Structures are given as C-alpha cells and as structure tokens.
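Have a look at the structure below, then the notes.
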Number of protein chains: 2
Amino acid sequence: MRPSARRRLVILTEGQFTIHHAKTALGVMRYGRDEVVALLDSAIAGHNAQEIAGADPRYDVVAVATLEEALQQRPDSLLIGIAPVGGRLPATWRPIILAAIRAGLDILGGLHTFLGDDPEFAAAAREAGVRIVDYRRPPERMETSVGRRHLPGKRVILTVGTDCAIGKMSVALELRRAAVEAGLSGVFVPTGQTGMMIEGWGVAVDRVISDFVQGTCEFLVQEAEALGDWIFVEGQGSLDHPAYSCVTLGLLHGTTPHAMVMVHKPGMAEHDFDHLPGRSFPIAPLPDFIRLHEQVAGLVAPSRVVAVAVNTSLYPDEADARRVIAEVAAQTGLPADDPFRFGGTALFAGIRAAVERLDPDA
Amino acid sequence: MRPSARRRLVILTEGQFTIHHAKTALGVMRYGRDEVVALLDSAIAGHNAQEIAGADPRYDVVAVATLEEALQQRPDSLLIGIAPVGGRLPATWRPIILAAIRAGLDILGGLHTFLGDDPEFAAAAREAGVRIVDYRRPPERMETSVGRRHLPGKRVILTVGTDCAIGKMSVALELRRAAVEAGLSGVFVPTGQTGMMIEGWGVAVDRVISDFVQGTCEFLVQEAEALGDWIFVEGQGSLDHPAYSCVTLGLLHGTTPHAMVMVHKPGMAEHDFDHLPGRSFPIAPLPDFIRLHEQVAGLVAPSRVVAVAVNTSLYPDEADARRVIAEVAAQTGLPADDPFRFGGTALFAGIRAAVERLDPDA
C-alpha cells in the first residue's frame, strides 16, 4: 500500500496559507517530486494556490475545506504544510490528523513536536497500518566536529541571508538546477524539514542538540561529497537574528563553505519574527554584513561571499525588480540576480567563475 | 536519607584526573557547596589532588582506588567528574556506577548520555531508593527568543574566550564573589553542567536544541534578574571554535550582555580539541578578536569587551604571570588580571567602572 516512488500528497495548512507561514507547503509544491493532489485549508476553500503564491504551474492546486473532499483525490499521505515559530502543532489540527490516519494516509510532519511520539497518533497509526514521518527528528549520530577538509575537486556553497524565510532553500535548489544544467554534478544539502521533504534526505539542524550542530553539518557535507561535486547547502536563519543566529553560525562553521551566496530581500526593514512589542531588529546593511560574514567564516576556514541572490517578491513589476537587482549589484560589487524568479543560470555562472578564482583546492 | 543541604560527594574521574579533562571535578571542589570526601581514581590512588591541581586547600582530597575505600568516608552521592568530548560514559565506569547505586549513593552526572535513562541504572536506582540527577537534561521549556530587554538597574556580564576550557566559568564565579564582597547583589548564571552542580540551578545550553538556545539563554537572564543586580553569565566555547561556536553565539545573542569579559590563556597556540590529524586551528589574535566580538554582539544589541581575564596557568612563576598580564593590558588597552589566581577584586572594579560608563539603562 505504501508508495515506492511518487507520493500523492494532501498538504494541510488550515487557516495559515500565506507566503510567510506556508513556506513548507510552497516549497514542496514548487520543488518536490511528489504530486500534490489537494490543499486542505477551509479558509481558502475553492481557491487555487496560484491566486496567493503566483502563477507558477507548480502551484496549480485547489484548496478544499474538508478531509473528505481531499480524500476524493486518492491521496496516500497528509503533509503538514506550515513551519510555525517554536514548531508546535496547532490544537485544532489534531482531529484532522487523526482522521487522516484512520483514512489510511501516511503523515509527514516537520514540527518540533514529534507526531509519532504522540500516544493517540501512534496508536491510531499502528491500527491503520500507516507511517508517521517526523522529518525534524534528529539523527542518532551525536558527534562533534572534527575539522574535516573537503575532498579535492569539491565545491561547497552555503546560502546565507539577511533574514529567515526569504529564500535560502529555494536559492540553493535553483543553483543546484543551474549547475546540473551546466553539465556538472550538483547536490542540494537539505538542512531543514522542507528541504528534507523535497529531497528525501538531510537533517533539520535547528532540531539538533547545539553541541552537535557543527559536527552534523560537517557530516552532511561529507555525505554530499559522495554524491557530487558542486554542493549547495541550504542555509538557516541569519547571523544577526535575535532568535536563530546560533543555528546560522553552526552551519557556517560546520560546513566550512568555499563560498557563500547572500540572500537578501530588498524592501524589508526589520526582522520578521515573533518578538515582544516595542522592539525592532533592523535588517543589516548589505556591504558591512557581507564583510562580517567573511570575517566570521574565516575564524574557522576562509570563505567569500561571491554573489547576492535577491528576493524581489516585494517588487511585482519586473522592471522594478531588475532595477533593484542592479542596485544590489552596484552596492556590493557582486553578481546579483533573483534565481527564484528569473532562473539560476546567470547567477550560477558568476558563482562558478568566482569560486574557481578562490583556488578551492589549495 | 537524602541530604537536604550539604552533600558528601565521591567524585569519580577514574584514570582521567588531569587539568584538562577533570574540569568538572576541579570546579566542584573549588567552588561547590558540598563536601568532597573522596576522589575515586585508581590511576592516582594515594595521591592528593593538590599535587595535580595546585596548593589550594579546596583541592585537599586524597584519591582512592576503589569504591569500597571511598565508602569508608560515608559519602551520600557519586558525582561524575569529567566532561569528555561528545559527553559519553566511558564503558569501564558502568560497573562502578552500578555498585555506587547499590551502595545507596545518589548519582550526579553531567554527560550527554543520560544515566537516568539507562534501563540498568534506572532499575537499580529504583531498587536502592536513590536518585540519578542528569544535569545536562534540557528543560521542558522550548521557546525561541522574544527580544526581551533587561530590567533597569541590572548589569549583565558574559564571559567569552579565546578557547574552550580555559576558565570562563571560574572567572564568572570569581567576579560574582568580588561583586558580593563589594556589597552588590551578584548572581552567577550556570550554563554548563559543572556550574549547575556548583550553583544548583541553570541549564547546560550545549544540550539544548539549537532552535531554543537563544530563547533559553534569554530566560536564564530573566530568572537571574529576579535574584540580583550584577549578573555574571558563564560563557561556553569560543566564537572561533570549529566545533562549538554555535553554542557561543547562542549565548552572546541570547543573553545580550551589557559587557563581555574576554578570557584568554597566553601560551596556547592552538585550539585544544579532538580533531583530525594534520589540522590545526590557531588561537585568534586578541585585539582583532575583541573587536569582532563587539561587532557580532552588536548585530543584536550593543556590547563591549570591558576587561580581559588572563589564565596564567602556563606561567607558574608569579613574576612571569604579572608580566604576561601587563602585556595583555598593554595590547588591548583594557583592565587585565588573573582573577582565578589573584582574586577578582581588582578586575571587577575595572569592569564595574567600565559598565557604568556604557550607560546600561539607556
């Protein structure tokens, strides 16, 4: 009964299908290998996800109000499509998940709350003969970093950014695609639950015990080096994030990338996260922030920011977007583009040239 | 049967009583409130810990070869006195711990491996009616940082450093003592298992899920602010540590200290950790590293390095130590002293003056 290859997914976002909160849903729809047969979200029932997420054909999925309607599309799995702060399950979703289990669907979750450890869900899953997959469950391997060197010929690129949830995963995926299209062996390293759902391996490093974050990242790159030459590691958080910078630095010092790609979203003034009223945490100025990344990376291994991936989603007009990209390029002296919107070919070409100039096998 | 106040401890270090590996044992002997009645370590049986750790009367404990000998001192608890990389229990210690449980001792551990979760230990403890305390067990609270401000009148000082295991905890404890002696209400915030064993509260932040490190540190400072005004947070790792910098940055951005004290051990050329042969990770040059700490801290909240705590243990001659301290002061332009060796009074006076100049309630 379990699908061996492509799954048929219902994605649950109940009441939270927005660009910001549904990044798991959107990522899986856009980049995943599985077929998304329905979106379960009564707040937008009858609407097509394209109305919210944009005209990309991969978002062409209609939302339904109830699990019963979704079941008419013969799904085999229910995927939890949000990534809330703190990673807990909204209480109202419990009956939906339970009903999905009883209807014979596998449950695919990426929350900090492990659904498979919930006694009620676990008992129901045993009875229904379905699996509960918690992508954020950390690996058994608990090892600190040992200062591993990259193998000769390997090129490790980490996406970093000026905020959370602005496209570090998407940029890494677009660059991997461009590398493959250029005839290279490209590897994407998932470091969050959405990337893992898309790619089928990886570790949600924000769930790893902090003592082992760097050792885990080092190990992920080692695994990736066995899969190909051009390795694009999905970054997390930002180095200046009041809540998540620890994860960001663990990735930077654990993966010791040859180069970084800075992801930036012009038009955002402040970090967007659940913080106390009256506080505000501005987005860092780009040139200083780039220099600081190189300094901080260099504490462990030399690395350069070689390109800026510009998230132009706040500039719907294409001419505006092109202008903003040109401004970022001028401001930083680096190749800049929006690979999510305009494809990764041009940006990857710039990155490739810059990385080879860095003499990565030295 | 359980002691309500002061415990009588046997500290187990079996074969690992060195300055580097036994930092838990040494910290508890020097700063703890409990009485250390024996050191269980057959490799140094018959020797006094002072022979290895120095003439401090608090190290005046004789090592014994067997648990039976240790039991003659009527201990009530066995404390695991090492902090190995990766935090796992050496296999040869299992029979000793089991025998201690059966002899009616509580077990106090700070390993990543939770002794209380071990079925054999847990069953034996139930039978013997003793407790197993795993200080590294993370709190149930899983919250991300919310950008809390410090209360007016509070002064938060974080110890940072140029390497692991060079005295960040001891410096914080010495400075707390100096603050109390100056008539202020001083609080020590334990962020590692040894500090927790000494102080009786805190969280081993290196065991916390990385997503919650900053939220946990923020919360620890909030708790500390309820206990007093001058708050000394025990730092962990170093910002340039290939294996542990993630924990260090989580503390820095989670506690948002008004000021930092840089702990430095002259005479060390490289980071001392278990890494692959052929690699070396140099200790950072002090002035640049200080500036970088201020820059990185400032990404979330302004902070200054206001003093250097110099670990002069590689300079046994006191005149040499004084010279090295003077060199550090000249090199950095900051107050410098070895509070572990010479007491914290002078260094705290310099810190206090500098912190007030920073206008911490602004």
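Going by the alpha-carbon gyration tensor, a ≥ b ≥ c the square roots of its eigenvalues, is region B:256-322 rounded (a/c under 1.5) or, if a/c is not under 1.5, prolate (a/b greater than b/c) versus oblate?
oblate
Sorted from fewest to most neighbouring beta carbons within 10 Å, what does the list A:ARG357, A:ARG352 look like?
A:ARG357, A:ARG352
Where does each of B:PHE114, A:PHE17 land when they are ranked from fewest to most other beta-carbon atoms within 10 angstrom?
The most exposed by this proxy come first: B:PHE114, A:PHE17.
Cα gyration tensor of region A:102-252, axes a ≥ b ≥ c as square roots of the eigenvalues: rounded (a/c below 1.5), prolate (a/b > b/c) or oblate?
In terms of gyration-tensor shape, prolate.
Report the residue, chosen from A:PRO287, A:PRO266, A:PRO90, that carries the largest GNM mean-square fluctuation when chain A is represented by alpha-carbon nodes joined by springs under 10 Å.
Its mean-square fluctuation being the largest, the pick is A:PRO90.
Sorting A:VAL28, B:VAL203 on the 10 Å Cβ count, fewest up front, what's the list?
Listed from fewest to most nearby Cβ atoms, that is A:VAL28, B:VAL203.
Along Cα-to-Cβ, 7 Å out, sits the label point; list in nm, shortest first, how far the one on B:ARG33 is from those in the other copies.
Spelled out, the distances from B:ARG33's label point are 5.8 nm.
In the Gaussian network model of chain A, springs joining C-alpha atoms below 10 Å, which of A:THR255, A:THR144, A:THR92 carries the largest mean-square fluctuation?
A:THR92
Once each part is reduced to its C-alpha centroid, what is the distance from region A:273-341 to region B:121-179 in angstrom?
The distance from the Cα centre of region A:273-341 to that of region B:121-179 comes to 36 Å.
Just want to confirm a number: the relative contact order over region B:155-357, from Cα pairs under 8 angstrom separated by 6+ residues, in percent.
RCO, region B:155-357: 26 percent.
Work out the charge dipole of chain B with +1 on the Cβ of Lys and Arg and -1 on the Cβ of Asp and Glu about the Cα centre, then indicate which of B:ALA43, B:VAL308, B:THR256 is farthest towards its positive end.
B:THR256
Relative to the Cα centre, what is the charge dipole magnitude of chain B, using +1 at the beta carbon of each Lys and Arg, -1 at the beta carbon of each Asp and Glu, and rounding to the nearest 20 debye?
Roughly 520 debye, rounded to the nearest 20.
When each copy gets a label point 7 Å from Cα toward the beta-carbon at B:ALA128, what are the spacings between them in nm, shortest first?
4.6
Determine the relative contact order of region A:1-126: mean sequence separation of Cα pairs under 8 Å and six or more apart, normalised by residue count, in whole percent.
26
Taking a point 7 Å out from Cα toward Cβ as the label site, list the nm distances between A:ARG323 and the same residue in every other copy, smallest first.
From this label point to the equivalent ones elsewhere in the assembly: 6.7 nm.
Highest GNM mean-square fluctuation, chain B, Cα pairs closer than 10 Å: which of B:THR256, B:THR66, B:THR24?
Top of the fluctuation ranking is B:THR66.
In debye to the nearest 20, how big a dipole does the protein assembly as shown give about its Cα centre with +1 on each Lys and Arg Cβ and -1 on each Asp and Glu Cβ?
For the protein assembly as shown, the charge dipole is close to 360 debye.
Would you list the P(r) distribution for the protein assembly as shown, with all Cα-Cα distances sorted into 20 Å bins from 0 and each bin expressed as a whole %?
Taking all Cα pairs of the protein assembly as shown, the binned fractions are 17, 47, 30, 6, 0 percent.
Might you report the magnitude of the Cβ-based charge dipole of region A:8-134 about its Cα centre, with Lys and Arg at +1 and Asp and Glu at -1, to the nearest 20 debye?
180
Mind grabbing the base-10 log of I(q)/I(0) for region A:112-187 at q = 0.13, 0.24, 0.26, 0.28 Å⁻¹? Debye formula, identical points on the C-alpha positions, no solvent, two decimal places.
-0.77, -1.10, -1.15, -1.20
Expressed as a rounded percentage, what relative contact order does chain A have, with Cα pairs under 8 Å and six or more residues apart?
The value is 14 percent.
Put +1 on the Cβ of every Lys and Arg and -1 on every Asp and Glu Cβ in the protein assembly as shown; which of A:PRO152, A:ILE107, B:LEU347 then has its Cα farthest towards the positive end of the dipole?
The listed residue farthest towards the positive side: A:ILE107.
With angles folded into 0 to 90 degrees, how steeply does helix A:168-181 sit against the dominant principal axis of chain A? Use alpha carbons for both and round to 10.
Value to nearest ten degrees: 70.
Amide H neighbours of B:VAL36 under 5 Å, counting only residues 5+ apart in sequence or on other chains, H built in-plane at 1.01 Å?
Amide H neighbours of B:VAL36, under 5 Å, 5+ apart: B:LEU9.
What is the sum of charges around A:PRO302, taking Lys and Arg as +1, Asp and Glu as -1, for the other residues whose C-beta is under 12 Å from the C-beta of A:PRO302?
Here the count lands on -1.
Check which residues have an amide H placed less than 5 Å from B:HIS275's amide H, if you skip close sequence neighbours.
Here nothing satisfies the definition.
5 Å is the cut-off here: which amide hydrogens, built 1.01 Å from N in the peptide plane, fall below it relative to A:ALA336, excluding neighbours closer than 5 in sequence?
A:VAL308
Quick one: give the max-minus-min coordinate of the C-alpha atoms of chain A along each principal axis, largest first, in Å.
Cα extents, longest axis first: 57, 48, 47 Å.
Can you give the convex hull volume per residue for the Cα atoms of region A:8-134, as a whole number of Å³?
It is 90 Å³ per residue.
None of the figures in this text is laboratory data; all of them are computed from the coordinates on show. Note that the structure is a prediction, hence the values are computed from the model and not measured. Every residue, glycine as well, gets a Cβ built from its backbone with ideal geometry; the counts of neighbours run over all protein chains shown.
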